[in-house]
Amino acid sequence: MIQNKKYWILSFVLLILSCLLARHYFLSYTQYPIEHQRIIIYGCWILSGFSLFFCRAIKNKFLKTIVIGINIFCIYGWWFIF
């Protein structure tokens with residue numbers, strides 16, 4: 001049980017970090033140089049990917065669905081700015 005709790009917490013920490021990066025999609029994202037845009041996109045992909053991996057430890061199906069939905073938005077959110 002402790003192992004699952006650790007992965008559950010890790011999944012949410014990675015989700016929060018991914019959301020913090022994803023907020024740059026909508027806050028003057030196009031004003032950043034292309035290198036910074038790529039760092040933001042790749043960072044969101046990596047953090048959300050790890051968060052999705054660790055969310056397997058979440059037993060509540062509703063909570064797991066919400067976490068997966070937010071992660072997918074963080075991964076594909078940059079599509080909404082073009």
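Between helix 34-54 and the chain, what is the angle of the helix's C-alpha long axis to the longest principal axis, kept within 0 to 90° and rounded to the nearest 10?
That helix lies at roughly 10 degrees to the long axis.
Angle between the Cα long axis of helix 61-76 and the longest principal axis of the chain, 0 to 90 degrees, nearest 10?
Approximately 20 degrees, to the nearest 10.
For the pair residue 31/residue 7, report the inter-label distance in nm, with labels modelled 7 Å from Cα in the Cβ direction.
4.2
Output the 0 to 90 degree angle, nearest 10, between the alpha-carbon long axis of helix 2-22 and the longest principal axis computed from the alpha carbons of the chain.
10
Here, each number is a calculation from the coordinates, and none is a lab measurement. From a predicted model like this one, the values you see are computed outputs, not experimental measurements. Every residue, glycine as well, gets a Cβ built from its backbone with ideal geometry; the counts of neighbours run over all protein chains shown.
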